[in-house]
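Asker: Dumping the structure here so I can ask a few things about it.
Coordinate-derived values only; no laboratory data. Note that the coordinates shown come from a computational prediction; the quantities given were computed from them, not determined experimentally. Methodologically, a virtual Cβ is constructed for each residue, glycine included, from the backbone with ideal geometry; neighbour enumeration extends over all protein chains shown.
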Amino acid sequence: MSSRPAAVRRYRGSSAEDRRLSRRERLLDAALRVYGTRGYHSTTVKAVCDAAGLTERYFYESFPNSEALFLALYRDVISQALERIRIAGESAGKDPAAQARAMLAAYYANLPDKPACSRVYVVEAFNVSPAARELWKFWRESLGDLFARAWSRRGGGPQPSPELRRAVAGAIIYIAIDWIEDGFSRPVQSVIETGMQISSVLQTPTTSLIKFPRLPETA
């Protein structure tokens, strides 16, 4: 008996799977636009489908619910942002400060281009769901790792602790949140300089950052 796989049915030159993937991309593109306009919590499945020009049955062939759609889109947003920031740092030469400045510029300068979308993915994402919060934490940790790598001293030495990397990345993200909430009123260069002050903490060995006071001796 032949083991040849069954022929793939095609419609106008594309397979059923190709068409499903195309519809999925249309839903993701539509969600990016609609979330940016309404916010995640005010967006229905129907609103996304209307924006994509698809019926709801096509939504459910790719996503079980709105959260799954958001998570897929958020993963894409995070991946693209991390890649853009990484490339910016690597293209800035070997000077740690130049790398950090280029990375901050790659992050912050992109936010005003799509302010509504920036609000969703920088401000709202943490509160979408527990799964989205885990993705946010992954974004924070990955961002901290990128900046720690940029500020690393040549020739070794103590590396910043994971806690410090996360704290610095969280502060960099909070600067973005504050800037978005403030309507981008400050020049981007001012925001970058604030980020530089924060991120430069990573060039100092962790052991020299904090000195805890000793308890006084009891009589």
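Asker: Mind giving me the FRET efficiency for D145 and F184? R0 is 25 Å, r the Cβ-Cβ distance, nearest 0.05 is fine. If you can, show how the numbers build up before the last one.
Answerer: On the way: r = 27 Å, r/R0 = 1.09.
The pair D145/F184 has a calculated efficiency of 0.40.
Asker: Also, quick follow-up: Less than 14 Å Cβ to Cβ from S142, Lys/Arg counted +1 and Asp/Glu -1: what total charge do the surrounding residues give? Mind showing how you got there, number by number?
Answerer: Working: positive: R75, R84, R86, K137, R140, R149, R165, R166; negative: E83, E134, E141, D145.
Overall, the nearby charge balance is +4.
Asker: Under a crude label model (7 Å from the Cα following the beta-carbon direction), how far is A72 from M196 in nanometres?
Answerer: That separation, rounded to one decimal, is 4.2 nm.
Asker: Only Lys, Arg, Asp and Glu count, each charged at its Cβ (+1, +1, -1, -1), so figure out the dipole size of segment 15-63 about its Cα centre, rounded to 20 debye.
Answerer: Details: 9 positive and 7 negative charges, 21 e Å.
That gives segment 15-63 a dipole magnitude of about 100 debye.
Asker: Please compute the contact order of segment 15-63 in relative form: average sequence separation of alpha-carbon pairs under 8 Å and at least six residues apart, divided by the residue count, as a percent. Write down the numbers at each step before the final one.
Answerer: Working: 30 pairs, mean separation 20.5, N = 49.
This gives 42 percent for segment 15-63.
Asker: For segment 135-202, what does the relative contact order come out to in percent, with C-alpha contacts under 8 Å and a separation of six or more?
Answerer: Values: 43 pairs, mean separation 27.9, N = 68.
Once normalised by length, the contact order is 41 percent.
Asker: Using alpha carbons only, how many angstrom separate the centre of segment 115-143 from the centre of segment 23-87?
Answerer: 14
Asker: A further question follows. Please give, to one decimal in nm, the separation of the simple spin-label points placed at N65 and K137, each 7 Å out from Cα toward the Cβ.
Answerer: 2.0
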